[in-house]
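To start, the structure itself, in structure tokens.
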């Protein structure tokens, strides 16, 4: 036993995934959002410029000087589960990990050349060992996926947007990229949640951790099934106005809502894809260079099509109706909001689009 009363070995045997590629657990929406981000006008230019200008060395010195570096001598139990997470996901180099004083529960993986994992004291105090193991696995998943680079750029640009807000039009490009980065990062969190489950291999612990992030220490007052029911109610409730409000609510956030994350993770845990990984059938990093970009696009497009078809959200239903030829967006929105009926469908008698060509509205 260690001085802290914890055994210096994993609490139980967990399956390891030698050579696993991040493609095994990446959410299709994560890949799609990253592709869309890279296509954003000006992103490549800004990214290349920032890659050489970001003060990464300064960032490392900041945590080294004003946080506690996790090691055998400091936060030994976190050090053990951190090394265990890297072993399970077969990460070649164990990233540096720090605990920083902050009462708000949070964790992040940042860095350009080499990732750094940072967890706050609020998170360490909130979660039990198995819940924390899932979070550490979550951050190691970010490292394996290479998310730390974009996360670092997002942090820098968020601060930059505040500084240039007073410059006429100077903030427009920055805020466009920040918004696109946030959209991608929210999707990347779904991927990292899956990595956390692969490391912890305890769905209930992952669920408890998400509930605590939403409701604090009072786990005895919460219930997993009721928590998941909130996610279903959130998706189903309201009309198109509520759908728009949902979008506005999530735009400033870097993370998806916790109930949504819990529902997404549970769905994946019950899928055949997850079971195949647990059985040892998963894509390897050695195969990444041979991966077809077209196949990735097709998988992402298929995921979105399935999401739209299966969604109970009013806006997603409307999108599905339009895609199925039920009418034009403007007419549908007008009918939904005003109660008007019998509007122009936007198609002529034989089903072709009126006017030919692309609309500009």
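A few remarks follow.
- Lone unmet requirement of (1) modelled with pLDDT of 95 or more; (2) crowded, with 16+ Cβ neighbours inside 10 Å; (3) more than 21 Å from residue 198 (Cβ to Cβ) for residue 101: (2)
- Residues (in contact (Cβ under 8 Å) with a residue 60 or more places away in the chain and either part of a helix (DSSP H, G or I) or at negative phi (or both)) located in segment 139-148: 141, 144, 145
- Check on residue 58, modelled with pLDDT under 95 and in a helix (DSSP H, G or I): yes
- Inside segment 250-294, residues that are at pLDDT below 85 and in a helix (DSSP H, G or I) make up a count of 6.
- For segment 104-138, the set of residues classified as surrounded by fewer than 21 Cβ atoms within 10 Å (Cβ to Cβ), in contact (Cβ under 8 Å) with a residue 60 or more places away in the chain and within 19 Å of the chain's Cα centre (by Cα) consists of 105, 112, listed by residue number.
- Qualifying residue in segment 69-79 (condition: surrounded by 11 or more Cβ atoms within 10 Å (Cβ to Cβ), modelled with pLDDT of 95 or more, part of a helix (DSSP H, G or I) and out of contact with any helix residue (DSSP H, G or I) (no Cβ under 9 Å at 6 or more places or on another chain)): yes
The values are calculated or read from the model by the stated rules, or taken from the named source; none is laboratory data. These numbers were taken from a predicted model, which means no experiment stands behind them. Note that each Cβ is placed from the backbone with ideal geometry, even for glycine, and that neighbours are counted across all protein chains shown.
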